[in-house]
Amino acid sequence: MSNKLVLASTSPFRKAILEKFGVPFDTASPEVDETAQAGESAEQLVERLAEAKARAVAEQFPGALIIGSDQVAVIGDEILGKPGGHDKAIEQLRAASGKTVNFLTGLCLYNSRTDHAQCDVVPFKVHFRQLNDSQIENYLHREQPYNCAGSFKSEGLGVALFDRLEGDDPNTLIGLPLIRLIRMLEEEGFRII
């Protein structure tokens, strides 16, 4: 059985979520090109990237269970990634105002000893309030969520932007679906409780 657990991410949000398990784990930075491929759906993109991130660090961690994750926000057919800056964040939050945004989180548990990968895409819906430009500017000034898909942090002040949330696991919205991850780990013989 693989007993070393590795999070293939440098996200402080994913790290904090995984710490809820109370088990030791390492983190590693996966070097993966996150560009969507031609004709790739949002679901295909996040699943492919989650697996690519897990496999990208496998050589450093032989005999480990490696967790890869990737997330996008989708409005209609448009994929919203991380805004990277203020102007793009304004554009994303204006587009989300009064709408339902689907967050898709790709999750992969890769066993580097057996070369077995379990991958899934876990959805979560966020119903946004109607937002005016002042609310958007105030939020962005206070939280600066420029490295977050959809331009908000649900674990912080971002909750003020929502009417309601819809999904099975609130951790999914932050980027690591723990309920699904527990099942994957158990399939590999790794018990959390």
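The values are calculated or read from the model by the stated rules, or taken from the named source; none is laboratory data. Not measured: the values here are computed from a predicted model. All Cβ positions, even for glycine, are placed from backbone atoms using ideal geometry, and neighbour counts span all protein chains on display.
Key figures for this structure:
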item	result
Positions within segment 155-173 being farther than 22 Å from residue 90 by Cβ and either of a type outside the set (Gly, Ala, Ser) or surrounded by fewer than 17 Cβ atoms within 10 Å (Cβ to Cβ) (or both), in sequence order	164, 165, 166, 168, 169, 170, 171, 172
Cβ pairs under 6 Å, 6+ apart, first in segment 47-67 and touching a residue at least 12 places away in the same chain (Cβ under 8 Å) and closer than 17 Å to residue 34 by Cα, second in a strand (DSSP E or B) and acidic (Asp, Glu)	49/70; 50/70
Count of residues meeting criterion [in contact (Cβ under 8 Å) with a residue 12 or more places away in the chain and of a type in the set (Val, Ile, Thr)] in segment 137-181	2
Qualifying residues in segment 35-49 (those that are surrounded by 14 or more Cβ atoms within 10 Å (Cβ to Cβ) and not charged (D, E, K, R)) - the one modelled with the lowest pLDDT	36
The listed residue being modelled with pLDDT of 95 or more and under 21 Å from residue 183 (Cβ atoms), out of 89, 56, 64, 52	64
Scope segment 120-173; condition over 16 Å from residue 101 (Cβ atoms), among the hydroxyl-bearing types (Ser, Thr, Tyr) and modelled with pLDDT of 95 or more; matching residues	134
Residue ID - surrounded by the most Cβ atoms within 10 Å (Cβ to Cβ), chosen from residues in segment 174-190 that are at pLDDT 95 or above and under 15 Å from the mean Cα position of the chain (by Cα)	177
In segment 104-154, the residues that are in contact with a Leu (Cβ under 9 Å, 6 or more places away or on another chain), β-branched (Val, Ile, Thr) and either assigned to a loop (DSSP other than H, G, I, E, B) or buried (at least 23 other Cβ atoms within 10 Å of the Cβ) (or both)	105, 122, 126
Residue 95 vs. criteria more than 18 Å from the chain's Cα centre (by Cα), farther than 14 Å from residue 9 by Cβ and either part of a helix (DSSP H, G or I) or of a type in the set (Ser, Thr, Tyr) (or both)	yes
Only listed residue being farther than 22 Å from residue 25 by Cβ and within 18 Å of the chain's Cα centre (by Cα), chosen from 110, 146	146
Strands (runs of 3 or more DSSP E) lying entirely in segment 1-83 (those with 2 or more residues that are under 30 Å from residue 96 (Cα atoms) and not aliphatic (A, V, I, L, M))	64-75
Residue check for residue 164: over 16 Å from the mean Cα position of the chain (by Cα) and farther than 29 Å from residue 65 by Cβ	yes
